[in-house]
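Quick note: the coordinates plus some simple rules give every number you see, no bench work behind them. Everything numeric here is computed off the predicted structure, so don't read it as measured data. Methodologically, a virtual Cβ is constructed for each residue, glycine included, from the backbone with ideal geometry; neighbour enumeration extends over all protein chains shown.
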Amino acid sequence: MKVHYLQHVAFEGLSSIEPFLKERNHELSSTHLYRGESLPNVDEFDWLIVMGGPMGIYDYDEYTWLKSEKEFIKSAIDSGKIVLGICLGAQLIADVLGAKVTKNAHREIGWFDISKTAAAENTILADAIPDSSEVFHWHGDTFGIPEGATSLVKSAACDNQGFILNDRVVGFQFHLETTLESASSLIENCRDELDGSTYVQTEEEMLSTPAKFSSINQIMFAVLEKLEGQ
């Protein structure tokens, strides 16, 4: 399978997703938008992954590639590709599917529980997502659930944490791909967002238990396996 991914900043790459895909002999390609790289033709890949980033989805003046990126994501969805979006990537997918992306009531950064919705049991991810789990978050915005999509998970700080459409288009607000190394890089580059508010943990709280990253990576792998079968 040919997998293409979109990266928005140097410090938010595929993390644990990359070795998973390579071990399964998928052909991997990328567009690093912050470098000004060109987007491919949608016929050149089977699966699109849209990563996170600190920018907002409407920051067109500063990030001029956002509009063309949205058109590209929409084309991939309309072409029947498997599409996975993480954090900013999920917000971009929600936007092109007609849902609103707004400021969340709380900034959510660190380890917080998510709960699977009852509706998620009717999707291909029913067995991949635990009923409840502690996962890694780093976001200030949130998305609405696109028309026709199924809400997957929620948290105390954010009602809409994930959705799936037609069992092949998935958006997660949280980060299952994160490793200890990539979390450390996020902290290094976005430390100014650690404001001590209700759902924002300290650096120590986020990094003190490395085993947590292995746990969320296993959930990520289970999700990827389900999408592989589509």
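Miscellaneous remarks
- The Rg/Rh ratio of the range 2-228, with Rg taken over Cα atoms and Rh as the Kirkwood radius over Cα pairs, comes to 0.92.
- Residue range of the chain that is longest and free of GluC sites (Glu not before Pro) which are both DSSP loop and sparsely packed (at most 15 other C-beta within 10 Å): 63-146
- When each of the peptides 209-218, 45-54 is scored by the mean number of other C-beta atoms lying within 10 Å of its residues, the order from highest to lowest reads 45-54, 209-218.
- Three principal axis extents describe the C-alpha atoms of the range 22-107; from largest down they are 41, 26, 24 Å.
- Largest first, the three principal axis extents of the alpha carbons in the range 85-217 are 40, 29, 22 Å in whole numbers.
- Counted residue by residue at 0.36 nm each, then reduced by the alpha carbon distance between them, the extension gain from residue 78 to residue 166 reaches 30.5 nm.
- Within the chain, percent of DSSP bridges classed antiparallel, to nearest 5: 55 percent
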